[in-house]
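Below is one structure, written out as structure tokens, with a few remarks after it.
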Number of protein chains: 2
Amino acid sequence: MTLLADLADVEARRSKSARKIAAYITAEPESVLSMSIATLAGAVGVSEPTVNRFCTGLGRKGFPDFKLALAAELGRRQPGITQDIDPDDSSRHIIDKIFDATRATLVRAQNQIDVATIDRAVQILGSARSIVLCGLGASASVALDAQHKLLRFGTPVIAHTDVINQRMTTASLTGEDCLICISYTGRTMATVEVAELGACAGATVIGITTPGTPLTGHCDLVLPVASEEDTDLYTPMTSRIAQLVLFDVLATKLAIHKGPAFSDQLRQVKDSLKTTRYQG
Amino acid sequence: MTLLADLADVEARRSKSARKIAAYITAEPESVLSMSIATLAGAVGVSEPTVNRFCTGLGRKGFPDFKLALAAELGRRQPGITQDIDPDDSSRHIIDKIFDATRATLVRAQNQIDVATIDRAVQILGSARSIVLCGLGASASVALDAQHKLLRFGTPVIAHTDVINQRMTTASLTGEDCLICISYTGRTMATVEVAELGACAGATVIGITTPGTPLTGHCDLVLPVASEEDTDLYTPMTSRIAQLVLFDVLATKLAIHKGPAFSDQLRQVKDSLKTTRYQG
DNA sequence: TAATAAAATCTAATAAAATTACATAAATTA
DNA sequence: TAATTTATGTAATTTTATTAGATTTTATTA
């Protein structure tokens, strides 16, 4: 179910008209849902059969079937309404609400991701001499999770969750090093100061935070994380989940970036753990 | 979840034919997507205009529009099939695949949750004298995240990510303490041994792991976490996300369990952080 | 560069599907 | 039980999508 991604691929592989259609649909997919094949053909400037061939070419039965697939895809992208938790809710309700809220956060984060920014971050991580991760509170465990993911790449990486250690390490970074500061609020003074220290030391600073906050001022690159919470007393903070998945994306892209020879190293790291486990 | 919920409401409010239609669609919504209005009318045993009126009665423009809404709704419910990541995938594809895989894991975890088990876990946590969290590797950051969530409840809680410290602490637990062991594989020897130590010491042991693994043997209560991975080299480990959300559920239920007086304490903890942040 | 072949696209005709108008039947109420 | 409202079905109409065949565009080769 990667219809929208397939649409992006059309850009390269298919004919001129197909590209025009794909571009139009990518630009405003929602409006296509309420169009007939004639309306869409007119809007794009091609004939109806061309639109129809476009749909069948993408593996659909026809235009209506294509619209259904598009609707399903968009539905997945549209965050459901996140509802506050009521102390009187049943356990089942609470579970559903928390999972729904988490999914909604993921959807928002996914929509927010800019491919070019990710690619630049991967470039930076791939060429960094060392990587330092800083986070406090909930962001501390995100930093540690990221450390665990990045360890396997061979590049020296450390997550600091102690303000003193963060400052000591950061102050002695060089232009070849990369500092990743994680803060959901982007306002934690200690973390902002660490980012500033890192920037002064010449390190490339990547911020994983809410855009437009004090932290972003000291960052060379900001990976925005959807933020729309802290409204309700009981609803948990879900943005850290989005941050974790963001690191999943970075680590995965980095592994691919390193090339096929590197996959042997990944396997070695995996194998190194075998003796620590009871075999199934 | 508007449309499917609306369908359930139809049961009560609308006419006989409308109920028949709603029942049919509720029973197998996916198959309706590939039906024409005539096919559906035939399957249900009503006329085409009746189906049409049913759709408009639910606030849709007509049958095709209804199908689009249904497709969107189903798309939100059922995460796409998790696809392995191909090194040749575009960045957009990789991002979508990772987010989809994460959502799929969440859906699986959500379906797997047993309300009674959660409630029992909350009971245990609520009455524990102290809580010890143990995890290694990826589970270490889950333990730390859980610690961060549980800190605000006042009960002494600590996450250990060092095997020696884990054993030392665990061995000296009492029957009033609670030990939470986190391991996605359920086969990490060190963690299994820690669980055993804790059980011998008399502590209540909660395992957050895959059912049917060595770890579960030493647990008083197992919170299962959907596991279906490690197949692909590049696809990231998503079960830790499910574990985090599981802790969100536990912490939220615990906050409610503690009663309304406790919400003041929650606010105090929140307020205690204010001076560490730049105000927006 | 011109001739030829392949493809992409369009116009027009056909088929399919959905909607509307109107008639009939069922249910509800006085 | 008759009157009235509401629900449902039949058939006609309209909208929408698909197919067939002609035409143009693009690519290929002599």
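When B:Glu11 is tested against (1) of a type outside the set (Lys, Arg); (2) surrounded by 14 or more Cβ atoms within 10 Å (Cβ to Cβ); (3) modelled with pLDDT under 90, only condition (2) is not met.
Take the conditions β-branched (Val, Ile, Thr) and not assigned by TED's automatic domain parsing to the domain that holds B:Ile208 and apply them to B:Ile98. Does it pass? Outline the logic, then answer.
On the way: β-branched (Val, Ile, Thr): yes; not assigned by TED's automatic domain parsing to the domain that holds B:Ile208: yes.
Against the criterion (β-branched (Val, Ile, Thr) and not assigned by TED's automatic domain parsing to the domain that holds B:Ile208), B:Ile98 qualifies.
For segment B:112-121, the candidate set comprises residues that are among the hydrophobic types (A, V, I, L, M, F, W, C) and surrounded by fewer than 17 Cβ atoms within 10 Å (Cβ to Cβ); within that set, the residue that is modelled with the highest pLDDT is B:Ala116. The test for being in a loop (DSSP other than H, G, I, E, B) and either loosely packed, with under 14 Cβ neighbours inside 10 Å or modelled with pLDDT of 90 or more (or both) holds for B:Pro260. In this entry, A:Thr191 passes the filter for residues that are within 12 Å of chain B (Cβ to nearest Cβ), modelled with pLDDT of 95 or more and surrounded by 24 or more Cβ atoms within 10 Å (Cβ to Cβ).
Let's see how each residue does on (1) over 28 Å from the mean Cα position of the chain (by Cα); (2) over 25 Å from A:Asn111 (Cβ atoms):
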residue	(1), (2)
A:Arg19	no, no
A:Thr26	no, no
A:Glu30	no, no
A:Ser34	yes, no
A:Glu48	yes, yes
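Counting only residues that are assigned to a helix (DSSP H, G or I) and surrounded by fewer than 21 Cβ atoms within 10 Å (Cβ to Cβ), how many does segment A:122-137 have? Of the residues in segment A:122-137, 4 are assigned to a helix (DSSP H, G or I) and surrounded by fewer than 21 Cβ atoms within 10 Å (Cβ to Cβ).
In segment B:184-198, the count of residues that are within 28 Å of A:Ala101 (Cβ to Cβ) and in contact (Cβ under 8 Å) with a residue 60 or more places away in the chain is zero.
Keeping to segment B:59-70, report how many residues are within 13 Å of DNA strand D (Cβ to nearest atom) and either of a type in the set (Lys, Arg) or surrounded by 14 or more Cβ atoms within 10 Å (Cβ to Cβ) (or both).
Filtering segment B:59-70 down to residues within 13 Å of DNA strand D (Cβ to nearest atom) leaves B:61-65, B:67-68.
Okay, now just the ones that are also either of a type in the set (Lys, Arg) or surrounded by 14 or more Cβ atoms within 10 Å (Cβ to Cβ) (or both), so B:61, B:63-65, B:67-68.
Matching residues across segment B:59-70 total 6.
Of the residues A:Glu73, A:Glu30, the single one that is surrounded by 20 or more Cβ atoms within 10 Å (Cβ to Cβ) and either in the same structural domain as A:Pro236 (by TED's automatic domain parsing) or within 30 Å of B:Thr238 (Cβ to Cβ) (or both) is A:Glu73. In segment B:55-76, the residues that are facing another protein chain (nearest Cβ under 8 Å) form Cβ pairs under 7 Å with partners that are within 13 Å of DNA strand C (Cβ to nearest atom) and in a loop (DSSP other than H, G, I, E, B), at six or more places apart or across chains, as follows: B:Lys67/B:Leu33; B:Ala69/B:Arg60; B:Ala71/B:Leu33.
Quick one: would you say A:Ala43 is more than 30 Å from B:Asn111 (Cβ to Cβ) and either touching a strand residue (DSSP E or B) at 6+ places or on another chain (Cβ under 7 Å) or away from DNA strand D (no atom under 11 Å from the Cβ) (or both)?
Details: more than 30 Å from B:Asn111 (Cβ to Cβ): yes; either touching a strand residue (DSSP E or B) at 6+ places or on another chain (Cβ under 7 Å) or away from DNA strand D (no atom under 11 Å from the Cβ) (or both): yes.
When the stated conditions are applied, A:Ala43 passes them.
Within segment B:14-23, the set of residues being surrounded by fewer than 19 Cβ atoms within 10 Å (Cβ to Cβ) and modelled with pLDDT of 85 or more comprises B:Arg19, B:Lys20, B:Ala23. Of the residues making up segment A:122-159, those that are under 18 Å from A:Thr209 (Cβ atoms), within 14 Å of chain B (Cβ to nearest Cβ) and in contact (Cβ under 8 Å) with a residue 24 or more places away in the chain are A:Leu133, A:Gly135, A:Leu136, A:Gly137, A:Ala138, A:Ser139, A:Ser141, A:Val142, A:Ala143, A:Asp145, A:Ala146, A:Ala159.
In segment B:33-46, of all residues being more than 8 Å from DNA strand C (Cβ to nearest atom) and surrounded by 14 or more Cβ atoms within 10 Å (Cβ to Cβ), the one that is farthest from the other protein chains (Cβ to nearest Cβ) corresponds to B:Val46.
Could you say which residue among A:Ile25, A:Ile37, A:Ile21 is near DNA strand D (Cβ under 8 Å from one of its atoms), touching a residue at least 12 places away in the same chain (Cβ under 8 Å) and hydrophobic (A, V, I, L, M, F, W, C)?
On the way: A:Ile25 fails: near DNA strand D (Cβ under 8 Å from one of its atoms); A:Ile21 fails: near DNA strand D (Cβ under 8 Å from one of its atoms).
Of the residues listed, the single one that is near DNA strand D (Cβ under 8 Å from one of its atoms), touching a residue at least 12 places away in the same chain (Cβ under 8 Å) and hydrophobic (A, V, I, L, M, F, W, C) is A:Ile37.
Evaluating B:His148 against the criteria (1) closer than 26 Å to A:Gln243 by Cα; (2) touching a Phe, Trp or Tyr at 6+ places or on another chain (Cβ under 6 Å); (3) surrounded by fewer than 23 Cβ atoms within 10 Å (Cβ to Cβ); (4) not charged (D, E, K, R) leaves one unmet condition, (2).
From A:Glu193, A:Glu176, grab the single residue that is over 16 Å from the mean Cα position of the chain (by Cα), of a type in the set (D, E, K, R) and not in a loop (DSSP other than H, G, I, E, B).
On the way: A:Glu176 fails: not in a loop (DSSP other than H, G, I, E, B).
Matching residue, one of A:Glu193, A:Glu176: A:Glu193.
In segment B:241-260, the residue that is nearest to the chain's Cα centre (by Cα) out of those that are within 7 Å of chain A (Cβ to nearest Cβ) and touching a residue at least 40 places away in the same chain (Cβ under 8 Å) is B:Val245.
Considering every residue within segment A:223-233, establish whether at least one is closer than 30 Å to B:Phe247 by Cα, buried (at least 20 other Cβ atoms within 10 Å of the Cβ) and at pLDDT 95 or above. Steps first, answer last, please.
Here is the first cut: in segment A:223-233, the residues closer than 30 Å to B:Phe247 by Cα are A:223-233.
From the residues that got through so far, the ones that are buried (at least 20 other Cβ atoms within 10 Å of the Cβ) too are A:223-227.
From the residues that got through so far, the ones that are at pLDDT 95 or above too are A:223.
For segment A:223-233, residues closer than 30 Å to B:Phe247 by Cα, buried (at least 20 other Cβ atoms within 10 Å of the Cβ) and at pLDDT 95 or above: present.
The values are calculated or read from the model by the stated rules, or taken from the named source; none is laboratory data. Values in this document were obtained by computation on a predicted structure and should not be read as measured data. Ideal geometry is used to build each Cβ from the backbone, glycine not excepted, and the neighbour counts take in all protein chains shown.
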